[in-house]
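Asks: Please find one structure pasted underneath; my questions will follow.
The values are calculated or read from the model by the stated rules, or taken from the named source; none is laboratory data. Because the structure is predicted, anything quoted here is derived from the model rather than measured. Reconstructed Cβ throughout: ideal geometry from the backbone, glycine too, with neighbour counts over all protein chains shown. Only protein heavy atoms, including side chains, enter the accessible area calculation; ligands, DNA and RNA are left aside. Shrake-Rupley method; radii C 1.70, N 1.55, O 1.52, S 1.80 Å.
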Amino acid sequence: MTERDRADQFMVPSNAVGKILSFIRERRYQPSERLPSERDFAEKFDTSRGAVREALATLEAMRVVERRPNSGIYLRNSDDSSIEALVLHAESGLPFQADEIADVFEVRRMLEVQAVRLACSRRTADNIRDLHTILTNTAKRIAKKQTIEFEDEAFHLGIFIATKNDILLRVVKSFYEMSRQRRRVYFTDQGRGRRSYEDHCKILEAIENRRVGQAEQVMSDHLSQTIENWQRLLGEPNLPKKR
């Protein structure tokens, strides 16, 4: 099985929420367009109306769909949906469009570069110790030829913890939840794990010595390499440029 095949296996939704999202995408429903009824969805997916009702309630809470009294269920504009809806989309195993991937990476870059800047000035000795511990565990797993997706996530979130900004940390956690399944595939390549570890060592050194410019540059380069690797893994062309 190739890396792309392993990535594709996450694209098959198994629950009612994922099936509804997949159905909406496959049928190319447009905002304000009426969706099938609970009964129709239940028959289509061979599941109970209760399961469909619960799934639709979840999607309504996340502003993906809306119920109109005496009218039906309608698709909302994607601009209205919550960031939790994006997480749900990813957890259901559905692929993002190229422009969505570009947007995610663009926001992640802004957040991570700003976080490393703040971490340089706000980090404590405990933060530095925790980050060193994560890197020690990372090195051990690499030596055993094991994947490091959890250690990689822990390191990046550790930087956000060092910013002392809880809202920033909560926001970025959503982005890591979005990519958790695919990152598991990404780090099956031992070379990517080693390069990530080496970059993390450089980032931590800059944070520890409060070298803001160096920390920002290394983080930016690290994320650029990550984006290029993702493009190769998923067989995507260069992410679209913003105009």
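Asks: Taking the Cα-to-Cβ direction at residue 140 and at residue 78 and moving 7 Å from each Cα, how far apart do the two end points lie in nm?
Replies: Those two pseudo-labels are separated by 4.2 nm.
Asks: Okay, next question. How much length would be gained if the chain were fully extended between residue 220 and residue 121, taking 0.36 nm per residue of separation minus their Cα-Cα distance, in nm to one decimal?
Replies: Working: separation 99, 0.36 × 99 = 35.64 nm, distance 1.81 nm.
Full extension of this stretch gives 33.8 nm more.
Asks: Given an 8 Å cut-off on Cα distances and at least 6 residues of separation, report the relative contact order of the range 110-235 as a percent.
Replies: Values: 120 pairs, mean separation 47.0, N = 126.
This gives 37 percent for the range 110-235.
Asks: Mind scanning 140/164; 19/140; 19/164; 44/173; 144/173 and naming the pairs with a C-alpha gap bigger than 32 Å? Can you show the working numbers first?
Replies: Values: 140/164 29 Å; 19/140 40 Å; 19/164 39 Å; 44/173 34 Å; 144/173 28 Å.
Distance filter (> 32 Å) returns 19/140; 19/164; 44/173.
Asks: Now for a separate question. Let me make sure I get this right: for the range 114-159, a, b and c are the square roots of the gyration tensor eigenvalues over alpha carbons, sorted descending. Under 1.5 in a/c it's rounded, otherwise prolate if a/b > b/c, else oblate. Which is it?
Replies: Values: a/c = 3.80, a/b = 2.05, b/c = 1.85.
Note, shape of the range 114-159 comes out prolate.
Asks: Could you pull the accessible area for residue 173 with a 1.4 Å probe, rounded to 10 Å²?
Replies: Around 90 Å² of this residue is reachable by solvent.
Asks: While we're on this one: Run the numbers on the range 14-83 and let me know its relative contact order in percent, using alpha-carbon pairs under 8 Å that are six or more apart. Working shown, then result.
Replies: Working: 74 pairs, mean separation 24.9, N = 70.
Relative CO of the range 14-83 lands at 36 percent.
Asks: Quick one: compute a quarter of the convex hull surface over the Cα atoms of the range 101-241 and quote it in nm². Please report the intermediate quantities before stating the final value.
Replies: Values: hull surface 31.1 nm².
So the mean shadow area of the Cα hull is 7.8 nm².
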